[in-house]
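The values are calculated or read from the model by the stated rules, or taken from the named source; none is laboratory data. Every value quoted in this text rests on a predicted model; they were computed, and no experiment measured them. Cβ placement follows ideal geometry from the backbone for every residue including glycine, while neighbour counts extend to all protein chains displayed. Accessible surface areas use protein heavy atoms only, side chains included; no ligands, DNA or RNA. Shrake-Rupley method; radii C 1.70, N 1.55, O 1.52, S 1.80 Å.
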Amino acid sequence: MLIRHAQLEDSSVSDVRIEREHITAIGCLEPLSGEAVVDAHGGLLLPGLHDHHIHLAALAASLTSVRCGPPEVTDADGFAASLRVPGNGWLRAIGYHESVAGMLDTTMLDRIVSNRPVRVQHRSGRMWFFNTAGLEKILSHGAPPGLECIDGRHTGRLFDADAWLKQVLTSEPPSFMHVGKLLAQMGVTGLTDMSPSNNALIAHHFIAETASQSLPQRVLLAGTLNLANVDMSRDVALGPAKLHLHEADLMPLDDAAEFIRHAHAQDRVVAIHCATEVELIYALAALKDAGVKPGDRIEHASVAPDFAVADIARLGLAVVSQPHFIAERGDAYLNDVDTESQPYLYRLRSFLNAGVCLAGGSDAPFGGFDPWAAMAAAVSRCTQNGVAIGAAEALTPEQALDLYLRAPTALEQRRRVAVGVPADLCLLDRAWAEARTVLTSAYVRATFIRGQQVFERQHARPLK
């Protein structure tokens, strides 16, 4: 395949030849006999975007679930209306936040739906709420750890028990076909799945989905220490060992340090979930105890005071952030997060200024999965109501784009369109000078993975 008249990131316009899944030539090139030709018409040709923190199975499941939280649902009446869906089987609702109608329990949910089992997932992903019919179904398998009981009564609130819930509901991993297509439309050619419970079962599902091309993207699969025992495939590689911290129930620091040492002994880096300041401080202490391996990373770094930024830099850690959370959740943060901590939310420029390697991930389905919307949020730092949070943390469009062009297994490296690299590419329908002013996935014209076109947006000037 020959992509002609493509703008490269140095603003030059060149032709790019793809053979055997790689870029083999860049310059002023003539089509070969029988060679497929794509005319870029001066549109920017980029390496394909990589989502460095996503939960693909949960995202796939969410596409068939009811949205019941912000921004779609913001009050109790809207919440009740969202659950009144015809049917008699399980109703799965996602994205709930207590700002909508408070902390749910079985009594509250029964008032809305009593004739079918209902489970509602909190936006954090760490809590489920059940109505009585749903509670009875899961209790038929015994009361799981994490099921809240007050004065001898189950409230219907289940904490940190996704693995148990999947087992008792005997749910098969969902197809990734629809998700793969949606991500391809945004120029995404690679994913790092960060689900902490990823095990051999989900690894084999990823391998099968990529082998069948149901999921066209390449995958770096993080998860349990036991993942190291799985034979991966060409398109599914072993990723970091995920340590998911919970401030309310932190393991002994020695145990966390031992987890880190065990991962390093497997020649794996660790990725540590840090959604609070306490979790971040704890993670840094554990890493200082266990020792740091190049590539070790902090996920989220949601609240990072100056001393923590400096520690992260000194230790040589990478940070994978979610810039779009300021846009999606910022108005709630203004109410829920103390004023002193608000400037430390999802910092970006401070990390770059300190020399920290910074990458971007969606955390979908717990956040939106459009990387271009996340880039726009990184530039604006504004909430939906237009309030700036940490304006000094804003990035330039180029810096925002850079978050999604980091090499997945070596975040310190930035991918480029160059001879010899895999032909995983994102073609925009216009030059960067215009695209940088409105960062939107609507400008993605075509996506190529392994040199094959997996997406084309219909335009007045069709690809040939």
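Cβ-Cβ contacts under 9 Å between residues 6 or more apart (or on different chains), taken from a first residue in the stretch 320-345 that is over 19 Å from ALA373 (Cα atoms) to a second residue that is acidic (Asp, Glu) and part of a helix (DSSP H, G or I), are listed as SER341/GLU277; PRO343/GLU393; TYR344/GLU277; TYR344/ASP306.
Every residue, every condition in (1) of a type in the set (Lys, Arg); (2) in contact with a Cys (Cβ under 9 Å, 6 or more places away or on another chain); (3) open to solvent by 30 Å² or more (accessible area, probe 1.4 Å); (4) modelled with pLDDT of 95 or more, yes or no:
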residue	(1), (2), (3), (4)
LEU8	no, no, no, yes
THR24	no, no, yes, yes
GLY34	no, no, yes, no
LEU44	no, yes, no, yes
HIS55	no, no, no, yes
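Only one entry in ASP110, ASP77 is open to solvent by 30 Å² or more (accessible area, probe 1.4 Å), in a helix (DSSP H, G or I), over 17 Å from ASP162 (Cβ atoms) and in contact (Cβ under 8 Å) with a residue 12 or more places away in the chain, namely ASP110. In the stretch 88-102, which residues are open to solvent by less than 50 Å² (accessible area, probe 1.4 Å) and assigned to a loop (DSSP other than H, G, I, E, B)? GLY89, HIS97, GLY102 - these are the residues of the stretch 88-102 that are open to solvent by less than 50 Å² (accessible area, probe 1.4 Å) and assigned to a loop (DSSP other than H, G, I, E, B).
Checked against (1) touching a Cys at 6+ places or on another chain (Cβ under 8 Å); (2) more than 24 Å from VAL320 (Cβ to Cβ), THR189 passes all but condition (2).
Would the stretch 294-308 turn up any residue that is open to solvent by 40 Å² or more (accessible area, probe 1.4 Å), out of contact with any Ser or Thr (no Cβ under 6 Å at 6 or more places or on another chain) and either at pLDDT below 95 or not in a helix (DSSP H, G or I) (or both)? Quick ask: steps written out before the conclusion?
To start, the set of residues in the stretch 294-308 that are open to solvent by 40 Å² or more (accessible area, probe 1.4 Å) comprises 294, 306-307.
Imposing the further condition that a residue be out of contact with any Ser or Thr (no Cβ under 6 Å at 6 or more places or on another chain) reduces the set to 294, 306-307.
The next check asks that each one be either at pLDDT below 95 or not in a helix (DSSP H, G or I) (or both); those that pass are 294.
Scanning the stretch 294-308 turns up at least one residue that is open to solvent by 40 Å² or more (accessible area, probe 1.4 Å), out of contact with any Ser or Thr (no Cβ under 6 Å at 6 or more places or on another chain) and either at pLDDT below 95 or not in a helix (DSSP H, G or I) (or both).
Is it true that some residue in the stretch 384-394 is free of Cβ contacts under 8 Å to residues at least 12 places away in the same chain, in a loop (DSSP other than H, G, I, E, B) and farther than 30 Å from VAL270 by Cβ? Yes, that holds for at least one residue. In the stretch 192-205, the qualifying residues are those that are of a type in the set (Ser, Thr, Tyr) and open to solvent by 10 Å² or more (accessible area, probe 1.4 Å), and the one that is farthest from SER321 (Cα to Cα) is SER197.
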